[in-house]
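Take a look at the structure below.
The values are calculated or read from the model by the stated rules, or taken from the named source; none is laboratory data. The structure displayed is predicted, hence computed values, not measured ones. Glycine gets a Cβ as well: all are built from the backbone with ideal geometry, and neighbour counts include every protein chain shown. Calculation scope for accessible area: heavy atoms of the full protein, side chains included, ligands and nucleic acids excluded. Shrake-Rupley method; radii C 1.70, N 1.55, O 1.52, S 1.80 Å.
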Amino acid sequence: MGSSGEARSYSKENEKRPRLSLLTVGLAALFSTLLIFSGAMTSFLAHEGVSDFISLYARSALVSVLVVAASVAGFSLAGKSIPLKAISGVGGVVHLVASAFFCYLVLAGDQGASLTCFGGAASGVGCGLLCLVWGKLFSRFPLSGALLNVAAASCVAAIVYACIMLAPTLAGVGVFMVCAAVCAVTPSLFDHRALLEHESTKGRGSEKASSLPSFFGVVAEPALGLLVFAFIMGITCYTYTEWYSDYLLASFVASAILVVLAFLRLKKPIVQPLYRNIIPLLAIIMLAVSSMSTALSGESATEMFCMFLLYSFAATLTVATLCAIAHASEFSSDFIYSIALVLFAAASLVGLSCSEILSEETISVVVTAVTTLYAAVMLVARSIRQSGDALIDEDGLEEDGSQTLGERCADLARAYSLTDREHEILELLARGYASAELSETLFISPNTVRTHIHNMYRKLGVASREDLSQLVRDR
């Protein structure tokens, strides 16, 4: 794989067809052994004795990863970072040991609260640190590449979950341990220097308190998807165990569709249309099916499949979007993924607690209410953004002459010493992108977009979009 520090314009990156990476195998192995995710744990509930300790183990793991992620986020806010090799080495070893102990519990049965809590806490540390490592590795991918590889990894993980659930206990444990070894060892096979170069090439922002509103403005949409997904999976982990095969099928189907979509050559990223259209549509379909099935015969396989399809789409898009935000390098990947882990762990804990104190009927009502609220928020956001785009959208320049628009922008970038980010913004503005679209496309905050535009205008000696278009046209 080439270094992510190579200078290139947005258009070149966008026009390049994404490719599967060897990293996909490692990420799939991480998803398959992520013991802070109820979907990974549920695959073991088909084996005798696992239900005796799984709840306490899951709680301990989630509390542990919450502490680890909050600590890393605090370090990032203080302007400090943990060396990647240290995170990778410690996380890999702890993850392997914790996975082996979990497999021992699966085979031997409950060994008491103390050992279960210890094992769960170790899993939380290992999973948390490896999530940060894999987040750094995937920060080298732009959106299309991240979407393709994350979706492909999710497909493989769904197959692994099915193997663990259907295979004899000893065989399932063997598959699990192989995956744990793969996700722990794979990061050491890649050159970490490329990641450090990438974080410095575009200029990473500081995670100081004053920039937190900008950060949450960028991650608001994926963060909401992550919160809802984690809560729903937590609250349904025991109640809907009999529907687990429907979850696996829905996860595979959603991921396979996203793999296909990632290959499409589009002028604009596919994630925004999916968030704005497909996610709300699936939520509405799920609610309609739920209402009909409840009126006729109670819960149905169709209702469950629609629900799992919705949240599988949301989860995969969220992970890919977080990778794209990290790729943009406005904020460090440590900060991005540690905040994501905090939100995920907190929502999962709330969902898990609700699953143990609420009846099945109440849980169904809660799931319907949360899905309704999620759909409503996404539809309102879609309406606001579309109206905003309609107000400020402008026509881009046409391709003419001996040079393409991208080549003219590249010439200007070289002549006026524009940074890589300013070059990207120059070309997108020339292609007719509205200022609000720049933030969504490049996964940086509106304030940062305005700062880059101001600096670029100053270097180019222009004062408006019209002046900029004329300068590009005359090039």
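Of the residues that make up the stretch 412-431, is at least one of a type in the set (Val, Ile, Thr), at pLDDT 80 or above and within 17 Å of Ile453 (Cα to Cα)? Explain how you work it out, then say what you get.
Initial filter on the stretch 412-431 (of a type in the set (Val, Ile, Thr)): 419, 425.
Still in the list and also at pLDDT 80 or above: 419, 425.
This time we only want the ones that are within 17 Å of Ile453 (Cα to Cα), so: 419, 425.
Looking for residues that are of a type in the set (Val, Ile, Thr), at pLDDT 80 or above and within 17 Å of Ile453 (Cα to Cα), one finds at least one in the stretch 412-431, hence yes.
Please go through (1) in a loop (DSSP other than H, G, I, E, B); (2) touching a helix residue (DSSP H, G or I) at 6+ places or on another chain (Cβ under 6 Å); (3) at pLDDT below 85; (4) not aromatic (Phe, Trp, Tyr) for Val462 and return the number of the only condition it doesn't satisfy.
(3) is the only condition that Val462 fails.
Say we look at the stretch 184-216 and pick out the residues that are closer than 21 Å to Leu341 by Cβ and open to solvent by 50 Å² or more (accessible area, probe 1.4 Å); which of these is modelled with the highest pLDDT?
Ranking the qualifying residues of the stretch 184-216, first place goes to Phe216.
Being surrounded by 14 or more Cβ atoms within 10 Å (Cβ to Cβ) and polar (S, T, N, Q) is the filter; apply it to the stretch 101-122 and report the residue that is modelled with the lowest pLDDT.
Gln111
Residues checked against (1) part of a loop (DSSP other than H, G, I, E, B); (2) of a type in the set (A, V, I, L, M, F, W, C):
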| residue | (1), (2) |
| --- | --- |
| Phe101 | no, yes |
| Tyr104 | no, no |
| Leu115 | no, yes |
| Gly124 | no, no |
| Gly128 | no, no |
| Cys131 | no, yes |
| Arg140 | yes, no |
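Look at the stretch 230-250 and say how many of its residues are in contact (Cβ under 8 Å) with a residue 12 or more places away in the chain, of a type outside the set (S, T, N, Q) and open to solvent by 20 Å² or more (accessible area, probe 1.4 Å). Before you say what the answer is, go through the steps one by one.
Residues of the stretch 230-250 in contact (Cβ under 8 Å) with a residue 12 or more places away in the chain: 230-241, 243-250.
Still in the list and also of a type outside the set (S, T, N, Q): 230-235, 237-238, 240, 243-244, 246-250.
With the extra rule that they be open to solvent by 20 Å² or more (accessible area, probe 1.4 Å), the set shrinks to 231, 238, 243, 246, 249.
Adding up the residues that qualify gives 5.
Restricting to the stretch 324-341, name every residue that is under 18 Å from Ala230 (Cα atoms) and either open to solvent by 10 Å² or more (accessible area, probe 1.4 Å) or not polar (S, T, N, Q) (or both).
First, the residues of the stretch 324-341 that are under 18 Å from Ala230 (Cα atoms): 336-341.
Ile336, Tyr337, Ile339, Ala340, Leu341 - these are the residues of the stretch 324-341 that are under 18 Å from Ala230 (Cα atoms) and either open to solvent by 10 Å² or more (accessible area, probe 1.4 Å) or not polar (S, T, N, Q) (or both).
Would you mind finding the one in Leu317, Leu281, Leu226 that is more than 16 Å from the chain's Cα centre (by Cα), in a helix (DSSP H, G or I) and modelled with pLDDT of 65 or more? It would help to see each step written out before you state the result.
Details: Leu317 fails: more than 16 Å from the chain's Cα centre (by Cα); Leu226 fails: more than 16 Å from the chain's Cα centre (by Cα).
Leu281 is the lone residue from the list that is more than 16 Å from the chain's Cα centre (by Cα), in a helix (DSSP H, G or I) and modelled with pLDDT of 65 or more.
Checking the condition farther than 30 Å from Glu427 by Cβ, surrounded by fewer than 21 Cβ atoms within 10 Å (Cβ to Cβ) and either at pLDDT below 90 or aromatic (Phe, Trp, Tyr) (or both), which residue from Val253, Val289, Val260 passes? Break it down stepwise before answering.
Values: Val253 fails: either at pLDDT below 90 or aromatic (Phe, Trp, Tyr) (or both); Val260 fails: farther than 30 Å from Glu427 by Cβ.
The unique qualifying residue is Val289.
Which pairs turn up if I take residues in the stretch 443-461 that are at negative phi and look for partners that are among the basic types (Lys, Arg) and assigned to a helix (DSSP H, G or I) with beta carbon separation below 6 Å, at least 6 apart in sequence or on another chain?
Qualifying pairs under 6 Å: His452/Arg421.
Hey, among the residues in the stretch 73-88 that are open to solvent by less than 60 Å² (accessible area, probe 1.4 Å), touching a residue at least 12 places away in the same chain (Cβ under 8 Å) and out of contact with any Phe, Trp or Tyr (no Cβ under 9 Å at 6 or more places or on another chain), which one's nearest to Leu189 (Cα to Cα)? Reasoning before the result, please.
Let us first name the residues in the stretch 73-88 that are open to solvent by less than 60 Å² (accessible area, probe 1.4 Å), namely 73-74, 76, 82, 84, 86-88.
Checking the rest, the ones that are also touching a residue at least 12 places away in the same chain (Cβ under 8 Å) come to 73, 76, 82, 84, 87-88.
Subset that is out of contact with any Phe, Trp or Tyr (no Cβ under 9 Å at 6 or more places or on another chain): 84, 87-88.
Values: Leu84: 13, Ile87: 15, Ser88: 11 Å.
Applying the filter and picking the extreme gives Ser88.
Can you name the number of the only condition in (1) within 25 Å of Leu148 (Cα to Cα); (2) in contact with a Gly (Cβ under 7 Å, 6 or more places away or on another chain) that Val65 fails?
Val65 satisfies all of (1) within 25 Å of Leu148 (Cα to Cα); (2) in contact with a Gly (Cβ under 7 Å, 6 or more places away or on another chain) except (1).
Just the residues that are surrounded by fewer than 17 Cβ atoms within 10 Å (Cβ to Cβ) and either assigned to a helix (DSSP H, G or I) or under 25 Å from the mean Cα position of the chain (by Cα) (or both), please, taken from the stretch 37-54.
Across the stretch 37-54, the qualifying residues are Ser51, Asp52.
Quick one: in the stretch 424-444, of everything that is outside any helix (DSSP H, G or I) and not small (Gly, Ala, Ser), which residue is surrounded by the most Cβ atoms within 10 Å (Cβ to Cβ)? If you could, list the steps in order and put the result at the bottom.
Initial filter on the stretch 424-444 (outside any helix (DSSP H, G or I)): 431-434, 443-444.
Retained after the next criterion (residues that are not small (Gly, Ala, Ser)): 431, 433, 443-444.
Details: Arg431: 20, Tyr433: 22, Phe443: 24, Ile444: 26.
The residue in question is Ile444.
Which of the following residues is open to solvent by 30 Å² or more (accessible area, probe 1.4 Å), within 23 Å of Ser38 (Cβ to Cβ) and not acidic (Asp, Glu): Val150, Val156?
Val156
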